Every structure is written in C-alpha cells, then in structure tokens.
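The values are calculated or read from the model by the stated rules, or taken from the named source; none is laboratory data. Remember, it's a predicted structure, so these values are computed and weren't measured experimentally. Cβ atoms come from the backbone with ideal geometry, glycine included; neighbour counts cover every protein chain shown. Calculation scope for accessible area: heavy atoms of the full protein, side chains included, ligands and nucleic acids excluded. Shrake-Rupley method; radii C 1.70, N 1.55, O 1.52, S 1.80 Å.
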Amino acid sequence: MLHMENQGSWGWGWSRGRAFRSSRLPDPTRHPNSQGHCPRPPSSSSCPEALGWTPQPELRSLKTCWVALATCWPSLGPAPPPWSRRGSGGLPGRGGEVSACSFQPAQSQGRQGAEQGREEKGCWQGLRMDPLADTLQRLREAFSAGRTRSPEFRAAQLKGLGRFLQENKQLLQEALAQDLHKSTFESEVSEIHISQSEIDLALRNLRSWMKDEKVPKNLATQLDSAFIRKEPFGLVLIIAPWNYPVNLTLVPLVGALAAGNCVVLKPSEFSRSTEKVLAEVLPRYLDQSCFAVVLGGPQETGQLLEHKFDYIFFTGSPRVGRIVMTAAAKHLTPVTLELGGKNPCYVDDDCDPQTVANRVAWFRYFNCGQTCVAPDYVLCSPHTRERLLPALQSAITRFYGEDPRRSPSLGRVVSDKHFRRLRGLLGCGRVAIGGQSDEDERYIAPTVLVDVQETEPVMQEEIFGPILPIVNVGSLDEAIDFINRREKPLALYAFSRSSQVVKRVLAQTSSGGFCGNDGFMHMTLASLPFGGVGASGMGSYHGKFSFDTFSHHRACLLRRPGLEKIYSIRYPPYSPRNLRMLLVAMEARSCSCTLL
C-alpha cells in the first residue's frame, strides 16, 4: 500500500487495486519496497523531464493522475517527480476533473538514458490514465462477479439507504434549506418521506418482484416452462437535478439497487450543500464496490457520458435530455428521460374559485415554483379570471403573509442565473399579483401575470419559478385546441364541478400524468407510474415501475431434451398436413391441457 503523507489537500491513493479518497496527498519522495518506503535517489530531480517523461498538455494535477501512476510505480525504479501538489481536485472532487492523462518518454540522453527509456517504455509508452475509467471498470467487475444478484445483497443496500435517511435527516434538511430555502415541512413531505416510502415498499416486495413471471402457453409449448426473468442491466448512470435533490436522486436509486445494478450517481452541482452530503455521507451506507458518486458540472458530465453504460436515467430539461440521448445513442444505451415542459391547468366556469385558487397557489408556489409538474399556466375564460384573481390574492396572503419575503414557507430561486432568467419573464403581459424581487436573496414574490400573449417568452419556455400566467380562452374546445397545439406536457390539470368536463379534457388530450381538481397528488402514489410522453420524456418509475425500469425483462423458454417425435412435425420435408397441425399448435391462446 502506498504511504500517504500530509500535503494539506484532498487527493487520491491506491490500495489493493482500488482508488480511495484521502485528505492526504502522497509524498513523491517515498514509494513502497521491502522496508515500506525508500528515499528519493540523489540523481532524481523535481522536474518530470529529468526522469525521462514529459507530461502532456492535458495533465492538470498530480491528484488526477496519481491513481494511474501508482499502478506502474514498482517498475519505475526511482520515485515519480513531485508535479504540482495542489492542482484542482481530480474526480470526484469539487468540480472534479474527469480528463485523462497521457505520458510519453522524453528524448533520452546518452547510453544510460537510452537503456532506461527502453526498460520503462513497456509500462509507460502510450498509456492513458483515467481514474473514472478505473472506477467504472471496478463496478463492472463487481457486477460480472454476481455480487449484486442475490436478494440478500439488494435488501442490504436498500436498508443502508434507509439508514442514511434516518440518521442524516437533520443534515439533509439543513442542506435543502441552504440550497433552496426549503422549509422543514416541504423537505419532509416532498423529499425525505417519499424516498423512505419507496425504500420500504421495495423491501416489502423485493422477492416477489424478483420472481420469474410465468406466462400463458400455446399447445406447442405445453410441455415447456415459459417465463419472464427480471435481470439487472449492469452498470447504470443516474443523473439527478437540483430542484428536488434528495427525492429525484434517491427514488430512482431505490429502483436501480432493488433491480441488482451497480450505480454511478451524478447529483446536480447547483444544489451544492445537498450534493456534498450525497457525495461524502451516502457512500458510507452502501457497498462501494458497486456504487460511486461523481461530481462536476456540464463539462464533467459530458466526459462521463462518453463512457459506455448499460442504462442511463436522466432527470432535467429537454435541452440537456437531447444531449444525454445523443450520447447514449453512440453506445446504443437505453435511457429513461424525465423532462418537463409547460403543464396546462384548465379552470372551468363551473367551479368554486377559492377552492381552485387554494390548490393552484399551493402547488404552483411549492418549492418556489421549481417543480417539473407544477402548472405552468392557467387557461380560463375572462369571466373566470376575474373571479380567480382575488381568490389567488387571498390564498397567497394566507399562505405567505402580507410580506412573502419574510415567510419561512416560501423558498428561493436556486441560483443567480435562474433568478435573472425569471426576472426577465416578469416583463411579459401585466403583473396582476406580486412581481417584487430581490437579487441578493434570489427572492421573487408569488406572481400572477395576465394579458399574456402566446408568443411571449413566458409562454415559450418552462417557467420553473413562482410565476403563473393566466391565458384567456373562450370555451373548453378552445382550451383543448390550445393544449393540443403544443408539445405534450409532463402533467395536465383540469378543475370543474362537472365530472364530464374533467373527463373530456382527459379523453381529448395527452400528457405524462393527469389530475382532476387537484395538483401533483398523483405523484404521491407509488402504484401510479411517473413519467413523460413525447417532449416531456420517455419511460417511467416509482414503486414497482422503478424496479421494472432498471430490469431487463428476459424472455425464457425451457424445453425437455426428449419427445423428439412430437416436435418432428416442424422438420422438412414439409407437408400441408404438418403445416396445419403446427399452425393450430402455435395459435396464441391460453391452454391448460397437456399431452400426457
């Protein structure tokens, strides 16, 4: 094992063929021998060229390349040179570098240098060192060894995930408050409780989900065993967003672990406090031979996507979703894309405006409007709008007080970039309620816009903030036509006292999910799949749907080696009689009879 000396910075070490993170960087003057270390030879120098090696331009720090360097160290003779000891952290440090490092021999000087170059050339020439590739290889080896297959191992990982939530609940709540000013109520309801419920459901049903699923057979297969086996894909990548950084990270992780996969987790860099907890605390509760956390921004994520995975699960914007899908297509990797879009909310004339306002205001301004299934705009008649506006004002005041800025129940915009984007949208239409903002706090008051045109920016992009436009329509038919002219949304809502109106909206539109007379409560049911359609995404999860998403459904048929006379009607020379018999036997129907 390499000795680690304190250099006052985070780095990487190497032990038993594995990378590990250490708060100490190794001292380049020492490397292992029979005594455990050896001093730097007098002929060594602090510059890499003196050893006959030239770092390539992409070599950014010792920390990035130390893991790969350690694997070849014993064969090098003298210790490696002390390149910059305080570079920007390698994967998976803060904004971690994912770039590989290349080494090539420098021009040797004289006979001794030439002999040294030839001796070391076999280890070093053309060698590319990539800590991320090493991590992925380690996870693949664990999966290939069958480590994740047993129900006992899967249950142990799920239980570890549950302990992580229980033992770090306050830490997570504090992180969510720092990232999003999220209240304890919202953190418990939308993040921690939902995640824990998914874990509990998976633990209760794991063995039944894993069982082979028997299927109906036809006459030709009556003596066979036919079933569907749920197999893990292998190495899966989960890329999580920042708006619900616990829920939208752990819920898909539950499905991936329950299905028996090895997992690489990429949390969002925008929710920094939660990202830190997930990176530093969560791995302690899981088997790290089968699980890894990778940190970084768009550049590091792009480099991560260059590697081959067996499945990719992405939650985020449609724009980034296209990038993920393009990268996956290079390896023919299947994907689930949980995207977003502009979710319509139709409000019928036949409604109680205060009830509608209470429910719409709650799920529009929940988490400061940063919810992928929140209503992005309201469709209603001018008459209903005039009734709805005072009711919305009343609901906002009761929820958040006269000065919402001081309310502990109202969140904040996640970043300066998003704040500036949202503030620009306040210029669309006319502000009827709210509109105040404070850049220092990234605060935007709960806002309602009226007189909004379909061509304005607020109606062209997903808002993802505490802004609610109201668009006038003359009738239900016009509202349905307005919805159907646009991309299919992730969620759609309809409010009316008339069940016929609600059912008509449901029947004549398409969306990932639908809720009548309420908002996003369909997401609280693990018995319902959650996912988009068209531009709002593909695939679904929650509950058993998560297990199925991360499982390959393998079609299996087991046949006895004997009874050849029965099966010989398939073989040439063909005859009309055999054809008729075979077609009857192959007819798709459930048959309980046997030939015995």
Review point. What is the Cα centroid distance between the stretch 474-513 and the stretch 193-259, reported in whole angstrom?
Key: 32
**Study point:** Ranked packing of 187-195, 252-260, 472-480, 393-401, most packed first, by mean Cβ within 10 Å
**Key:** 252-260, 187-195, 393-401, 472-480
Check your understanding: Among the lysines, which have Cα under 17 Å from the Cα of LYS230 when same-chain residues fewer than 8 positions away are ignored?
Key -> LYS211, LYS214, LYS544
Point to revise | Backbone HN-Hα couplings from phi across the stretch 575-585 [Karplus 6.51/-1.76/1.60, Hz, Gly and Pro as x] | key: 9, x, 4, 5, 4, 4, 5, 5, 5, 5, 5
Exercise for review: Would you tell me the accessible area of SER568, worked out with a 1.4 angstrom probe on the heavy atoms of the protein chains, in Å² to the nearest 10?
Suggested key: 50
Study note, to complete from the structure: Residues whose built amide H sits under 5 Å from the amide H of HIS307, excluding neighbours closer than 5 in sequence, are none
Study note, to complete from the structure: Under 5 Å from the placed amide H of LEU492, counting only residues 5+ away or on other chains, we find GLY513, PHE514, CYS515
**Study point:** Computed accessible area, THR524, all protein chains, 1.4 angstrom probe, square angstrom
**Key:** 80
Point to revise | Using θ = phi - 60° and Karplus 6.51 cos²θ - 1.76 cosθ + 1.60, couplings along the stretch 254-263 (whole Hz; Gly, Pro as x) | key: 4, x, 5, 5, 4, 7, x, 8, 8, 10
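Once the Cβ-Cβ distance between SER568 and THR355 is put in as r, and R0 is 51 Å, what FRET efficiency do you end up with, to the nearest 0.05? Mind dumping the intermediate values first?
Values: r = 71 Å, r/R0 = 1.40.
E(calc), rounded to 0.05, equals 0.10.
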**Study point:** Cα centroid of the stretch 423-455 to Cα centroid of the stretch 529-587, whole Å
**Key:** 55
